[in-house]
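Colleague: The structure follows.
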Amino acid sequence: MKHTLALAAVLAAVAGTADAQTRARSPITAALNLGTPGAGVEAQLSLGPVFVLRGGIDTLGYDVDQNFDGVDYSGRFDFDTVSAFVDLHPFQNAFLISGGVYIGDRSIGLSARPSVPVEIGGQIVTPGQVGTLSGAIKLSDVAPFVGVGFDDAFYRDSRFGFRAIAGFAWSEAPEVALNSTGGSLSNDPAFRARLEQEARDISAEAEDKGIFPIVQLGATVRF
């Protein structure tokens, strides 16, 4: 009986020490993320068993070919954003529902040098007439976000955790600017008006770029 009581006392002391360490740990974590918003870092603040605040910085840049209105463009995605979210953990575990916003520059650069006749704003033009086309698709600077995910940063004994989030951000219809240089019609007012029409056509084609899927994985460390 004495041995049983002694063992129980030791176990209680160990459990109490572990609980004290857990309670003493800061409600703050840092995270490294990688996903469709790019590579980034985040900080999280737990407000209790249900609500967590998150804020982060992400950067994304890569080249991609795009075809708009029959013209092949070399494209460049450049997204540099800061973000803020409120995560709801309705079951007080790692499952979460998240809402927030991405803020910052999100643009797609465009460049093309046609080698065959192409249609610009409803007019067929030759490579010599059009020269080099350059421009950009500009998404709105503010993109709301909703999603669901898994984040066990505040729901495990270990300092290190894992996170996975999926959802989407959206913005208003993209703005498109388009310019021509080095062509025989580059400075022609009528052709420049057709370029403006072409930019509107590209904007209509690029409306799907306003909805941006978010898939993100990350590793967290709790202080």
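Coordinate-derived values only; no laboratory data. None of the values given here were measured: they were computed from a predicted structure. Reconstructed Cβ throughout: ideal geometry from the backbone, glycine too, with neighbour counts over all protein chains shown.
Colleague: Please build a GNM for the chain, connecting alpha carbons under 10 Å apart, and tell me which residue among G161, G128, G38 fluctuates the most.
Modeller: G128
Colleague: If you don't mind, there's one more thing I want to ask. Once Lys and Arg get +1 and Asp and Glu get -1 on their Cβ, which of Y102, Q66, A84 lies farthest toward the positive end of the dipole of the chain?
Modeller: Of the candidates, A84 comes out farthest on the positive side.
Colleague: Can I ask one more? Limiting things to C-alpha atoms, what are the Rg and the maximum Cα-Cα separation (Dmax) for the chain, in angstroms?
Modeller: 26.2, 101
Colleague: Could you tell me the convex hull volume per residue, in Å³, taken over the Cα atoms of the range 146-192? Could you put the intermediate results ahead of the total?
Modeller: On the way: hull volume 6.8 nm³, N = 47.
Dividing the Cα hull volume of the range 146-192 by its residue count gives 146 Å³.
Colleague: Calculate the dipole size of the range 31-87 relative to its Cα centre from +1 charges on Lys and Arg beta carbons and -1 charges on Asp and Glu beta carbons; express the result in debye to the nearest 20.
Modeller: Values: 2 positive and 9 negative charges, 74 e Å.
That gives the range 31-87 a dipole magnitude of about 360 debye.
Colleague: Next question, about the same structure. Helix 2-24 sits at what angle to the longest principal axis of the chain, using alpha carbons and giving 0 to 90 degrees rounded to 10?
Modeller: On a 0 to 90 degree scale, this one is about 30.
Colleague: Given +1 on the Cβ of Lys and Arg, -1 on the Cβ of Asp and Glu, and no further charges, what dipole in debye does the range 94-223 carry about its Cα centre, rounded to the nearest 20? Before the final figure, lay out the partial values.
Modeller: On the way: 11 positive and 15 negative charges, 91 e Å.
My answer is approximately 440 debye.
Colleague: For the range 60-137, list log₁₀ I(q)/I(0) at each q in 0.12, 0.18, 0.22, 0.23 Å⁻¹, using the Debye formula over Cα point scatterers of equal strength and ignoring solvent, two decimals each.
Modeller: Treating every Cα as an identical point scatterer, log10 I(q)/I(0) equals -0.54, -0.79, -0.97, -1.01.
Colleague: Still on this structure: What is the angle, in °, between the Cα long axis of helix 189-205 and the longest principal axis of the Cα atoms in the chain? Nearest 10 is fine, range 0 to 90.
Modeller: Taking the Cα atoms of the chain, the angle to 189-205 is about 30 degrees.
Colleague: Tell me, what is the percent relative contact order of the range 110-223, built from C-alpha pairs under 8 Å that lie six or more residues apart? Could you put the intermediate results ahead of the total?
Modeller: Details: 220 pairs, mean separation 36.8, N = 114.
So the answer I get is 32 percent.
Colleague: Return the single residue from V52, V118, V142 with maximal mean-square fluctuation; model: Gaussian network over the chain, springs between Cα atoms under 10 Å.
Modeller: Highest fluctuation among the options: V118.
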